[in-house]
1. So which of Arg189, Arg229 is at pLDDT below 55 and either of a type in the set (Lys, Arg) or under 25 Å from the mean Cα position of the chain (by Cα) (or both)?
2. Just to be sure, is Ser412 assigned to a loop (DSSP other than H, G, I, E, B), at pLDDT 90 or above, among the hydroxyl-bearing types (Ser, Thr, Tyr) and within 30 Å of Gly265 (Cα to Cα)?
3. Kindly list the number of the only condition in (1) closer than 30 Å to Lys398 by Cα; (2) outside any strand (DSSP E or B); (3) in contact (Cβ under 8 Å) with a residue 60 or more places away in the chain; (4) not β-branched (Val, Ile, Thr) that fails for His179.
4. Being of a type in the set (S, T, N, Q) and over 25 Å from Pro427 (Cβ atoms) is the filter; apply it to segment 145-194 and report the residue that is surrounded by the most Cβ atoms within 10 Å (Cβ to Cβ).
5. Has segment 124-140 got any residue that is touching a helix residue (DSSP H, G or I) at 6+ places or on another chain (Cβ under 9 Å) and exposed (fewer than 15 other Cβ atoms within 10 Å of the Cβ)?
6. Can you find a residue that is free of Cβ contacts under 8 Å to residues at least 40 places away in the same chain and of a type in the set (Val, Ile, Thr) anywhere in segment 158-165?
7. Does Ala168 satisfy being under 17 Å from the mean Cα position of the chain (by Cα), outside any loop (DSSP other than H, G, I, E, B) and small (Gly, Ala, Ser)?
8. Taking only pairs six or more apart or across chains, which ones have beta-carbon atoms under 6 Å, a first residue in segment 85-112 that is free of Cβ contacts under 8 Å to residues at least 60 places away in the same chain, and a second residue that is buried (at least 16 other Cβ atoms within 10 Å of the Cβ) and aliphatic (A, V, I, L, M)?
Amino acid sequence: MDLEDIIQRVSMLETCVTGDVPFWETIENRLLEDCPAYVLGKKFTKEQQGLDELKDYVRSRFWFTYRKNFAPIGGTGPESDQGWGCMLRCAQMLLGETLLRRHIGRHYKWKVGVEPSGDYERILRMFFDEKTALYSIHQIAQMGVSEGKAVGEWFGPNTAAQVIKKLAVFDAWSNVAVHVAMDNIVVVRDVQTMATIVPPTDAVKLIMADGNVDESHLRQEPVNEKSGRNRSSTSFSVNPDEWRPLLLIIPLRLGLRTINKCYLGAIQEVFKLDSCVGIIGGRPNHALYFLGIAGQKVFFFSCFVMNPEGEESDVIKQPSPESKGPSTSSPRAFAYGFDDGFSQLEELEPLPSSTSNDELKLDDSTYHCQMLLHIDYDLVDPSLALAFFCETAEEFDKLTVQLREKVFPASSPPLFELLEKRPSYWPPFEPYVGVKAKIEMNEFDDMGAPNYDIDDGFELLEE
């Protein structure tokens, strides 16, 4: 580490302690000097888009951070996710970007100060820290039990991917098929099967609080013309003419203790792809959601946020024109590598789903990061998971071509393997379409019941 690096790190630490921003602004102004930036498939240059448009685009993505004082997970569990929920929050960010693309479009632009409404509000509410929200910290933590992770235990990228796959089965509105490719291998036919599958009628059913069974996420089996009966409910069928929007997640390990430099070119190519919805990764107690890259600077979101002492941290605030104090909607600082060393570190309050006071305004500003954060590629942890969203079969075909022609040649060895079909000595592919059980959505202990299937897989952990 040379003298310039030491000075930068000391300056960054000073910024984090004091809440001042000159250091970040100085570094930001140099990002587009030598090379363009690529964020989730979108290109930014100094001459055309400029730094302000880059920051605005990043700010428009969902950002989920540690929160506190939410309802205890499972009724008696944690009321805050500080110290253990960072990868769960990164999974939320990845899902948030996926749902924005699914329901609104790739280049959604967040409007500052405008109260949430429409599909945007509906997506946001799916991530509220409430047990009734499908992608809440409660649901993710409870579903993690089926992957062998106790509530309050840190997730790795693979575990987060498996939990996303299981929760997506419940989301009838989005109807996204999630495929997690294991062992550094993507099998094209397996992915196509997952995206064109019709879940069986005896797949998981949601029992709502009023006792009614919600089967809206299931699709009825077609009737046999000869017998006049439905096909067996114990099997699933594949309809190649009907493609469900696909989220493809590829857990990887690109080194032992540090990420291998040889993969830099491939990671740069990944962020150029239209279908890229980010990368989740990180070591225990420090997970990050990566959005893009400029040269060797990797843009990221972190769930760590610091509020200066004395500032209120609620995100539902009564409008106050007379107030001249700083807004708590903007994170003031973040220090990479200094996760637990600041006494000022506070989690934000959970965002309520409703309010009885008409004068209170739903403020979503704490769900959008006001700073453009980045780290050197060399500091990225080697345990990560790539994510791609293909809304149509044509987009997936385009992705496979881009992987072969652009991503794989950019590194030696390539990031992962892409096979057309399974080798003959492999077992048949068994797509995940839900468990054959009834789950009480208002009783979260059931979410980790023994009747959940635990997918086989492995995950290398840091010692």
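1. Working: Arg189 fails: at pLDDT below 55.
The conditions single out Arg229.
2. Values: assigned to a loop (DSSP other than H, G, I, E, B): yes; at pLDDT 90 or above: yes; among the hydroxyl-bearing types (Ser, Thr, Tyr): yes; within 30 Å of Gly265 (Cα to Cα): yes.
So Ser412 passes the test.
3. Here His179 clears every test but (2).
4. Initially, segment 145-194 is screened for residues of a type in the set (S, T, N, Q), giving 146, 158-159, 162, 174-175, 184, 192-193.
With over 25 Å from Pro427 (Cβ atoms) added as a condition, the list becomes 174-175.
Values: Ser174: 19, Asn175: 12.
Step by step, filter segment 145-194, then rank; the result is Ser174.
5. no
6. Keep residues of segment 158-165 that are free of Cβ contacts under 8 Å to residues at least 40 places away in the same chain, which gives none.
Checking segment 158-165: not a single residue is free of Cβ contacts under 8 Å to residues at least 40 places away in the same chain and of a type in the set (Val, Ile, Thr).
7. Values: under 17 Å from the mean Cα position of the chain (by Cα): yes; outside any loop (DSSP other than H, G, I, E, B): yes; small (Gly, Ala, Ser): yes.
Yes.
8. Tyr108/Leu100
The values are calculated or read from the model by the stated rules, or taken from the named source; none is laboratory data. Here the structure is a predicted model, which is why all the values come from computation and not from measurement. Because the Cβ atoms are built from the backbone with ideal geometry, glycine has one as well, and the counts that use them run over all protein chains shown.
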